[in-house]
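Following: one structure in structure tokens, then a few remarks.
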Amino acid sequence: MRKYKHIPNPYPSGILCQTLDSCLFNKRAKIIPFTNNSNSRFTYLHADNKLDKARHYKIEQSCNGLLLWRSIPGDLPSDAGTKVIPQGGSFYVGNPSTGHYVRIDKFGYEFHPKFSNPFLVFEPWKSPHYKIIFLTKLDGDRNKPTTKMEMSVYSSETGSWSKVDFLTSFPNNIYYFDNGVYCNGAIHWFAIGKSAVYFDVDRLCVKNLPTLPLPLSDLLKDVYFGECGGNIHLIVAKYNEKLRYDIWELKEDYSGWIVRYYIDLTSLQSDRGHFDVSCVVRQPTKEDEDEEAMLAIVAVEMRKLVAYNLKDHSSRIIYEIKERRYLPDLHHQYFETLAGDAVLGDMDLLTVIFLLLPVKDLLRSKCVCKKWKSLISEDQFCYQHTLGLCRKYKHIPNPYPSGILCQTIDSCLFFKRAKIIFFCLKF
């Protein structure tokens with residue numbers, strides 16, 4: 001489950017925020033970059049109205065550069081408390097930085113208590129293909145020790161859905177299907193006062209997560225549960241300590257939890273002391289490319305988004321609402337990457353080849369051919385898309401390619417030659 005953990009995940013460059021109005025009417029989301037220091041520096045991500053005739057679009061998940069949208073046809077039910085949403089509609093998977101999307105049939109999925117949330121799985125360091133996974137409870141009898149369940153999986157490699165039924169012991173609690181985090185081949189659920197479990201997708205089994213090493217007498221509340229860089233993070237707070245949060249990290253062998261960071265929000269004092277951690281993200285540092293900054297994106301009083309550095313405990317405002325409105329309540333990580341476009345089918349072959357090469361810095365001749373596209377990349381772009389594999393695998397004795405051989409039809413038939421384009425490697 002953890003064999004790919006040493007390979008770095010791509011860095012998110014911002015956060016996607018979607019209000020209820022944007023979801024229901026405007027079909028858009030707001031992109032707020034982490035480097036933003038001005039309220040005017042944000043852009044909108046618009047759902048393509050040509051995708052289908054659905055009236056509502058909602059971002060379900062973000063995963064390493066791809067987004068999972070869900071379209072909802074017709075009007076929403078008048079009962080706001082129900083979880084049942086009209087059937088129909090489609091899933092859409094796309095790259096928000098390029099605007100390329102593909103439509104996927106929902107395969108009978110409904111927004112209903114017996115269905116889990118859909119999970120988008122895209123791990124480009126393992127496979128260029130993505131998956132959509134959701135679970136269904138087929139037998140919810142509380143008196144039975146096991147539950148009959150069904151896992152539905154869409155694979156972009158095959159372009160089709162598949163189903164598998166299995167029996168497992170699963171907590172009979174609706175909470176678990178509303179909240180789940182995918183990481184390293186498993187879906188994890190956690191809530192204070194409830195059973196913490198994870199579902200191994202390959203082995204089709206449910207196992208218990210370790211309990212937090214905290215006294216039961218402490219009044220605790222879970223503030224955040226999510227994934228960052230291949231690690232599961234949990235943020236809990238004591239009711240008598242509203243300005244300090246401990247960030248727990250699940251050990252690699254799932255044997256327990258350790259306190260990795262803490263958040264001290266005393267410098268962000270507000271009138272009502274309302275804070276909400278949206279996500280924990282990794283960011284590259286300009287000083288040392290081998291070092292990473294860890295940021296917690298905190299919503300303050302539902303009017304500010306603050307990037308809090310977990311290592312030096314500095315903070316800065318990346319977005320603030322001046323007027324009498326509130327921050328969007330649906331937050332997702334935003335990645336600027338081309339990695340997902342290869343599987344979406346909207347990228348030229350030569351670009352796909354370059355993105356798969358294990359090089360950190362890449363220079364390509366500007367005048368290769370009039371009909372060929374030029375690709376000149378900077379350090380950060382190449383590191384983002386090739387994930388620095390060459391630097392990570394220097395101990396492996398496999399030979400490194402020094403260039404690429406290109407041969408046109410004319411060269412093949414008449415000139416008996418090929419053109420060599422050299423890479424520029426820098427470690």
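Numbers at a glance
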quantity: Simple spin-label estimate for R28 and L214 in nanometres, 7 Å along Cα-Cβ; calculated: 4.0 nm
quantity: Sorted peptide list for 226-236, 160-170, criterion being average Cβ within 10 angstrom, highest first; calculated: 226-236, 160-170
quantity: Given K114/K148; K58/K126; K137/K163; K126/K163, the pairs whose alpha carbons are separated by over 18 Å; calculated: K58/K126; K126/K163
quantity: Distance-filtered residues of segment 228-264 - backbone nitrogen under 17 Å, label point 7 angstrom along D200 Cα→Cβ; calculated: 251-256
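Each value in this text was obtained by applying a stated rule to the coordinates, not by laboratory testing. Note that this is a predicted model, so its numbers are computed, not measured. Using ideal geometry, Cβ is built from the backbone for each residue, glycine included, and neighbour counts are taken over all protein chains shown.
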